Structure formats: structure tokens, C-alpha cells
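K.L.:
Have a look at this one before I ask anything.
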Number of protein chains: 2
Amino acid sequence: MASARVAPAGFSYGRPPLSASEKPRRTVVVRAEAVNPGIRKTEDKVVDSVVITELNKPLTAYCRCWRSGTFPLCDGSHVKHNKATGDNVGPLLVKKQ
Amino acid sequence: MASARVAPAGFSYGRPPLSASEKPRRTVVVRAEAVNPGIRKTEDKVVDSVVITELNKPLTAYCRCWRSGTFPLCDGSHVKHNKATGDNVGPLLVKKQ
Ligand code: FES
Ligand code: FES
């Protein structure tokens, strides 16, 4: 779609105007993405606490992908997220021993 | 940039061809985003373990924004990430008491 490759005068799509020697390419500015799409969005900052004396299982997995249905715990949703996006995130494991 | 709004025959930008009554708009397909832009990308899945008997501080903050320079620990980088993206992520605090 060659007609989309060069911005009209006065418009810039995130890079300076092309020089004659440069291969033109279509550039779309994508704003840096939020990591958390939906967990506790009424909170300014989602911080959770684990008091280790209250842990009763030998191992507890905590979510770092922000996709868990049992956040702050990991429910395995990182697997689907990694597959869908090519990402490589996983939980933090808290171990009693 | 009206010339970019309609795909040439044979191309689709993520939606069916526009009907006459529909307001044309430019659509860019954005793939779901990875959460982790750069931490340990050679690993299939980044999982970390905390053995609580080895914790020596009363409180340790673990990163869940994947922007920390001291990952898996939180170094406060979530503040910049939240400001830049409108996100609301924060660390997991592990407390000895
Ligand atoms: S569900 Fe989020 S890290 Fe497992
Ligand atoms: S630096 Fe990532 S949560 Fe604080």
C-alpha cells in the first residue's frame, strides 16, 4: 500500500521525513502498553503482601503475568498468555523450605 | 490520510470490507502484547523461587512489572512504567512478620 507510506506535509508518524536514499516504510506509533489489562483497575497501584508466617502450603505460586483469575495467586493463565503473545513470563514461587 | 483507509483488493486489515453506510476508519491489527519486554528472553518461562528461610530482611519487594533492573526484585521501575502507560501495577511484598 504505497500510498500510506509517506505522511502528508505536516504529519509525522514517529520518525523524521525520509531522505531520498532511505527505503520508505509505514510506521505506526504504538504507545507503550499496560501490563495489567484488568486487575483491580480502581486501585492506583496494585500491591499485595504475603506474610510468610501465614503461609500453610510448602509452595505458593504468585502471578506475575496479570492474567490470573485468582490474582495475586497464579492459576496457570501465564501459559495461555505466553502462547498467544510469544512472551515468557511465569510466577514467583514462595517456598517454606 | 484518506488514501490509507481502504485496503486494496485482496488485502484486509482485520475487518471486512466497508459497506456504503459505514463510516470508514483506519484499522491496524495489534497483536496482544508481551508483558516482559526484555528479561531473560532466552528462557522459555521465567520462574523464580523465594525460600523464606533465606530471607534476611523484614520485607522484600518482588517485581511484577517486568521493568526492574534488579529482577526478580522490585527496584521501583513500576512507577515510571505506570506513568508512561497509565498502568497500575506494583510489587508483591514478602514479609517475615
Ligand atoms: S497465572 Fe500469572 S504467572 Fe501464572
Ligand atoms: S520494579 Fe517492577 S514492580 Fe516494582
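The values are calculated or read from the model by the stated rules, or taken from the named source; none is laboratory data. Because the structure is predicted, anything quoted here is derived from the model rather than measured. Please note: Cβ atoms are built from the backbone with ideal geometry, for glycine as well, and neighbour counts cover all protein chains shown.
K.L.:
Within the bounds of region B:8-21, is there any residue that is at pLDDT 95 or above, part of a loop (DSSP other than H, G, I, E, B) and touching a Ser or Thr at 6+ places or on another chain (Cβ under 8 Å)?
P.N.:
No, region B:8-21 has no match at all.
K.L.:
Among the strands (runs of 3 or more DSSP E) lying completely within region A:28-97, list those that include at least 2 residues that are closer than 15 Å to B:Asp48 by Cα and either within 16 Å of ligand 2 (Cβ to nearest atom) or of a type in the set (Val, Ile, Thr) (or both).
P.N.:
Qualifying strands (runs of 3 or more DSSP E): A:59-62, A:89-95.
K.L.:
Further question: Pairs needed: first member in region A:60-87, within 16 Å of A:Val46 (Cβ to Cβ); second member anywhere, more than 6 Å from ligand 1 (Cβ to nearest atom) and of a type in the set (Lys, Arg); C-beta distance under 7 Å; at least 6 residues apart or different chains.
P.N.:
A:Arg64/B:Arg64
K.L.:
Applying the selection to region B:45-87, what residues are in contact with a strand residue (DSSP E or B) (Cβ under 9 Å, 6 or more places away or on another chain), within 16 Å of ligand 1 (Cβ to nearest atom) and within 7 Å of chain A (Cβ to nearest Cβ)?
P.N.:
B:Lys45, B:Val46, B:Val47, B:Asp48, B:Ser49, B:Val50, B:Tyr62, B:Arg64, B:Cys65, B:Trp66, B:Pro72
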